[in-house]
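Peer 1: My questions all concern the structure below.
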Amino acid sequence: MGCIETLKYEILLSRCTFKDAKEFIKGEFEEVHEVPPGYRIFNVFLIGVPPIFIGVDGDRVIFPYTKPCHGTFVLRIEGTEEIERLRMER
């Protein structure tokens, strides 16, 4: 399993609810993909209330990441390979 801490990321929203993360991503980004809980991105598994929204902004991926004991964060990470995989799975 991967570790988000090893990646260069930007926090767009911190310590939010699953609903807040979903509404933020859906409202702020034109390209949005729905994935089920357990979806693997950057070698980590996403948890949350289905569906989980993942946004695409240029070459960056925007997604909710829940860190146990710390809450849910919306992160932006460069990830052209992840974007290609998301688009192919549509």
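Residues checked against (1) acidic (Asp, Glu); (2) in a strand (DSSP E or B); (3) under 11 Å from the mean Cα position of the chain (by Cα); (4) at pLDDT 95 or above:
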site	(1), (2), (3), (4)
49	no, no, no, no
53	no, yes, yes, yes
56	no, yes, yes, yes
61	no, yes, yes, yes
64	no, yes, yes, yes
75	no, yes, yes, yes
82	yes, no, yes, yes
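Peer 1: Here is a follow-up. If you take the residues of the stretch 2-37 that are within 12 Å of the chain's Cα centre (by Cα) and surrounded by fewer than 13 Cβ atoms within 10 Å (Cβ to Cβ), which of them is farthest from residue 50 (Cα to Cα)?
Peer 2: So the residue we want is 10.
Peer 1: For residues that are in a strand (DSSP E or B) and hydrophobic (A, V, I, L, M, F, W, C), scanning just the stretch 38-47, find the one that is surrounded by the most Cβ atoms within 10 Å (Cβ to Cβ).
Peer 2: Ranking the qualifying residues of the stretch 38-47, first place goes to 41.
Peer 1: Looking only at the stretch 7-57, how many residues end up being of a type in the set (S, T, N, Q) and within 14 Å of residue 67 (Cα to Cα)?
Peer 2: Looking only at that region, the number is 2.
Peer 1: In addition: Take residue 27 and decide whether it is free of Cβ contacts under 8 Å to residues at least 24 places away in the same chain, small (Gly, Ala, Ser) and assigned to a loop (DSSP other than H, G, I, E, B).
Peer 2: Judged against the criteria, residue 27 is not a match.
The values are calculated or read from the model by the stated rules, or taken from the named source; none is laboratory data. Because the structure is a prediction, the values reported are computed rather than measured. Glycine gets a Cβ as well: all are built from the backbone with ideal geometry, and neighbour counts include every protein chain shown.
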